[in-house]
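The values are calculated or read from the model by the stated rules, or taken from the named source; none is laboratory data. Worth saying up front: this structure is predicted, and the values here are computed from it rather than measured. Reconstructed Cβ throughout: ideal geometry from the backbone, glycine too, with neighbour counts over all protein chains shown.
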Amino acid sequence: MTLTPELTIDLAAIAANWRALDRLSGTAETAAVVKADAYGCGIAPVGRALAGAGARRFFVAVPAEGARLRAALGPGPEIYVLSGFPVAPAEAPPPPPPAHPEAGGAPPRADADADARVFAEAALRPVLNAPEQVAAWAARGPAALQLDSGMNRLGLEPSELAALRAAGGPGPEIALVSSHLACADTPAHPLNAVQLASFRGMAAALGRPLSLAATGGILLGADYHFDLVRPGIGLYGGLPFAAAQPVVRLALPILQVRDVAPGEAVGYGASWRAELPSRIATLSGGYADGLHRALSGRARGFLGGRACRFAGRVSMDLIGLDVTGVPAARPGAMVEILGPAQGVDALADAAGTIGYEILTSLGARYRRRYL
Ligand SMILES: *Cc1c(COP(=O)(O)O)cnc(C)c1O
């Protein structure tokens, strides 16, 4: 009998989802976004599967992720870092004496240098998000330039782009010009067309390959595809790519089963009470594994073809499940939490969040199997 929850990740499904999004993207090249440990699925195995499927350009969030991906893929694939390139503080004032000397911490300059070193060592390309970053990169190699087309998160404003152009930029090192949509998962949202027009207006004269669409943008249609698309969530089976193949399965073992009489409570805070004679299974797995406490009383587990409700609060390592009348509920039996009956987005609904957050919360202590 295993005590350890089991997470199964279907690499063939990830590759199939990449191919399906590639077909939907027409003539645009399809990159792959593998930030946050490939949305919780494991950046090394996922990166290798996607490279095997044909992806040649990858996006990560921070330099350390890029270094891990480079180690997994070897030289060749292009790896872009979305967070930009570190800018050393211009006139750093002398640091104040630390209020908590034991907290320590390296000075900001050293941190910026450490990040910059990773770019060189792992042959990473920054997505430059501000004029100061363009200057700091100083044409060390190919890079992307991000424009803000209306999300107001990262990227150059129109005035900043105009100033860069007035100064003769952007230089030949800018191999890709990108922007990001705020509402692509809502096709009717008026901001989509506004951002499209803004991106076109800013990028048209630059004469570089262009990239606007993530998963949602791919589904908005050919106007949004440009030269390169950057899907993330759709690769991992999440909405808005409703046609995606499911990628993750999560099964938790039952540790114990007990009878609970009417009036008896289950779990912290005694928030669940039996109304009828009940059987309660205790599952191995909890909020420390990414099964959010907000799922308490709201999600279901599947066993022997039956849907069973979570009973009581999700605790750090354990979950109560109402298995009344389910003969298959025995210690050692595996209860499916993610799978065909309850996908990533259904579990997200139960937790009041989105599939992205369910995936990126998947814990580190699962027994992981890759198909
Ligand atoms: C995360 C991210 C993506 C991928 O988005 P999905 O919605 O997961 O497809 C693409 N581009 C940028 C800039 C991102 O931050």
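Checked against (1) more than 21 Å from Val257 (Cβ to Cβ); (2) surrounded by 16 or more Cβ atoms within 10 Å (Cβ to Cβ), Phe310 passes all but a single condition, namely (1).
Looking only at residues of segment 285-325 that are of a type in the set (S, T, N, Q) and under 25 Å from the mean Cα position of the chain (by Cα), we find that the one that is farthest from Arg368 (Cα to Cα) is Ser296.
Take the residues of segment 33-64 that are of a type outside the set (A, V, I, L, M) and assigned to a strand (DSSP E or B): which is farthest from the chain's Cα centre (by Cα)? Top of the filtered list is Arg57. Cβ-Cβ distances below 8 Å connect the following pairs, each with a first residue in segment 224-237 that is modelled with pLDDT of 95 or more, a second residue that is acidic (Asp, Glu), and a separation of six or more residues or different chains: Asp227/Glu29; Leu228/Glu29; Val229/Glu29. Scanning segment 269-289 for residues that are buried (at least 22 other Cβ atoms within 10 Å of the Cβ) and under 20 Å from Thr360 (Cβ atoms) returns Gly285, Asp289.
The residues of segment 1-40 that are in contact with a Lys or Arg (Cβ under 6 Å, 6 or more places away or on another chain) and of a type outside the set (S, T, N, Q), listed by number, are Glu6, Leu7, Ala31, Val33. Criterion first (free of Cβ contacts under 8 Å to residues at least 40 places away in the same chain, part of a helix (DSSP H, G or I), buried (at least 17 other Cβ atoms within 10 Å of the Cβ) and within 15 Å of the ligand (Cβ to nearest atom)) does Gly217 satisfy it? Here the answer is yes, as Gly217 does meet what is asked. Of the residues Gly42, Gly26, Gly66, Gly54, the single one that is surrounded by fewer than 24 Cβ atoms within 10 Å (Cβ to Cβ), out of contact with any Ser or Thr (no Cβ under 9 Å at 6 or more places or on another chain) and farther than 20 Å from Tyr366 by Cα is Gly26. The single condition among (1) more than 30 Å from the chain's Cα centre (by Cα); (2) surrounded by 20 or more Cβ atoms within 10 Å (Cβ to Cβ) that Gly234 does not meet is (1). For Arg230, work out the one condition from (1) charged (D, E, K, R); (2) away from the ligand (no atom under 13 Å from the Cβ); (3) under 19 Å from Ile79 (Cα atoms) it doesn't fulfil. Arg230 satisfies every listed condition except (2). Look at Ala214 and say whether it is under 18 Å from the mean Cα position of the chain (by Cα), outside the structural domain of Ala15 (by TED's automatic domain parsing) and not hydroxyl-bearing (Ser, Thr, Tyr). The answer is no for Ala214.
Screening Arg249 with (1) surrounded by fewer than 22 Cβ atoms within 10 Å (Cβ to Cβ); (2) on the phi < 0 side of the Ramachandran plot; (3) part of a loop (DSSP other than H, G, I, E, B); (4) not acidic (Asp, Glu) gives one miss only, at (3). Going by the structure shown, is Leu145 crowded, with 23+ Cβ neighbours inside 10 Å, in contact with a strand residue (DSSP E or B) (Cβ under 8 Å, 6 or more places away or on another chain) and closer than 16 Å to Tyr80 by Cβ? Considered against the rule, which asks whether it is crowded, with 23+ Cβ neighbours inside 10 Å, in contact with a strand residue (DSSP E or B) (Cβ under 8 Å, 6 or more places away or on another chain) and closer than 16 Å to Tyr80 by Cβ, Leu145 comes out as yes. Screening Phe241 on (1) in the same structural domain as Ile358 (by TED's automatic domain parsing); (2) buried (at least 22 other Cβ atoms within 10 Å of the Cβ) shows it passes everything except condition (1).
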